[in-house]
Structure formats: structure tokens, C-alpha cells
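Undergrad: Let me begin by handing over the structure; questions about it come next.
The values are calculated or read from the model by the stated rules, or taken from the named source; none is laboratory data. All values reported here derive from a predicted model rather than from experimental measurement. Quick reminder, even Gly has a Cβ in these numbers, built from the backbone with ideal geometry, and neighbours come from all protein chains shown.
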Amino acid sequence: MDFPRKLEEIFAHFPGIGPRQARRFVYYLMNKSPTFIKEFTQLVEEVKKSTNECEMCHGFFTNTFGSLHSSSHTKAKTPICGICSDQNRDQSALMIVARDSDFESVEKSGAYKGLYFILGGSVPVLDKEPEKRIRLKPLLQRISSRISNGSNLKEIILSLNTTPDGEHTATIIKDAILNIISGKQIKITVLGRGLSTGAELEYADGDTIRYAFKNRA
């Protein structure tokens, strides 16, 4: 049978999905009714339309959870997510994670009450152009802005996977940050080894994340 190759190629680009899984997805959709396909595509479109990228942390959030900058309670699009606009969060801590799924895992653990920055990925060990893989420049701009504005930023927490790529990314970020916080009373920490070597933050349970956060150094 001749597969719709384009659709298969799209699925194969999904994180953690290989050619075989992508082909199964295609088969699955081909066996569904027209009604299901219509509802599926409409849902994807609705998710895309109702989701924004926060201008501060670069995490995705639905419009209903964004901060409303007017008295209107409609689903008006806002540039800042609910966490970044929450003045009750610990403004002295900034946690750097690779992806939205990592942010969700940390937030669900309840161990951390500060702010976040989402890199959008990690840098492979042999990659020579980190700026094309992660949001390095926006991260440095945010930190520099907070310093110049006299904020009480005291700690930057590198919460990345303990894989070779994660460790490599952490080194790149740490070296870059050190260049802009020289002379400032800001410490850079990493999660404690409650996370075993090779572990991915997204799949860590709440207790493990809480232990790792408590024992960061």
C-alpha cells in the first residue's frame, strides 16, 4: 500500500516518534471516520488559535490563563502568561528548562515557586551553533534586563536533562550567563542528583523533582 508519505514524514518529526510509529499513526487516521478526522483537525486548529507564547518565559499558555490587561473578562490575547504575571511568585529565582513538558513536570511537583525560562530544546554535543537550537539570546536579554532594572534576582537554576546533550547545553548556558552577571550577587545552581544520570526531567516523578530541587548546588 502506498502511504501518504508527507503525513508520515510530519509524524516522524514528533519528539520520540520514529518511522514505525509514524506509519502506525497514518494507518490509525486512515481507519477513522470522516467525522473523526473533521473533529480532529478542528481541535488542532482551535488549540493553535487559542494558545500564545509568553513574551517572558516563552512557554505556551491558553488565552484564558493569561493575565488580562483590561477589565474585560473575555479571552483577549495577552503577551504574558499567568505565572510570569503573578507577583506572588518568588521573583528572586529563575529556573531554566528545555521544554514546556519539563516546566509542567516541575510545576506539578509543587517544589518550586519562582519564575521560568523555556529554552525550546537542547544543544547536541557536536553542534557548533547553539543559537539555532535554543533561545540563548532571549535568555541573556531577559537576565540582563532584570539586572539593569535593579530586580532582586538572586539565583538561576539550570534544570536540564542529565543526558550528554543536557549537560552540554547547561555548560553553554552557564558560560554565557557568567559573562553578564560578573560581580553580581547571583548564584547559578543545578538540580541535585535525585535525578539519575541519563534521566529526562519530563518523565521524573514529583518526589524525585522535589528531592533534586531541595539538593540543588
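Rundown of residues vs (1) more than 30 Å from F117 (Cα to Cα); (2) of a type in the set (S, T, Y), yes/no style:
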residue: F14; (1), (2): no, no
residue: R20; (1), (2): yes, no
residue: R23; (1), (2): yes, no
residue: L29; (1), (2): yes, no
residue: T35; (1), (2): yes, yes
residue: L43; (1), (2): no, no
residue: V47; (1), (2): no, no
residue: C54; (1), (2): no, no
residue: T62; (1), (2): no, yes
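Undergrad: For K128, work out the one condition from (1) part of a loop (DSSP other than H, G, I, E, B); (2) closer than 17 Å to L201 by Cα it doesn't fulfil.
TA: (2)
Undergrad: Identify the residue in segment 1-13 that is surrounded by 11 or more Cβ atoms within 10 Å (Cβ to Cβ) and part of a loop (DSSP other than H, G, I, E, B) and, among all such residues, is farthest from the chain's Cα centre (by Cα).
TA: F3
Okay, residues lined up against (1) closer than 17 Å to L201 by Cβ; (2) within 14 Å of the chain's Cα centre (by Cα); (3) modelled with pLDDT under 95; (4) in a strand (DSSP E or B):
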residue: P79; (1), (2), (3), (4): no, no, yes, no
residue: Q87; (1), (2), (3), (4): no, no, yes, no
residue: S101; (1), (2), (3), (4): yes, yes, yes, no
residue: V106; (1), (2), (3), (4): yes, yes, yes, no
residue: F117; (1), (2), (3), (4): yes, yes, no, yes
residue: S145; (1), (2), (3), (4): no, no, yes, no
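Undergrad: Which one is farthest from P4 (Cα to Cα) among residues in segment 14-38 that are charged (D, E, K, R) and part of a helix (DSSP H, G or I)?
TA: K38
Undergrad: Another question, if that's okay. Just give me the residues in segment 121-137 being of a type in the set (V, I, T), surrounded by 15 or more Cβ atoms within 10 Å (Cβ to Cβ) and either under 13 Å from the mean Cα position of the chain (by Cα) or farther than 12 Å from A98 by Cβ (or both), in sequence order.
TA: Within segment 121-137, just I134 meets the criteria.
Undergrad: Any chance segment 63-71 includes a residue that's within 27 Å of L139 (Cβ to Cβ), surrounded by 14 or more Cβ atoms within 10 Å (Cβ to Cβ), modelled with pLDDT under 90 and among the small types (G, A, S)?
TA: There is at least one residue in segment 63-71 that is within 27 Å of L139 (Cβ to Cβ), surrounded by 14 or more Cβ atoms within 10 Å (Cβ to Cβ), modelled with pLDDT under 90 and among the small types (G, A, S).
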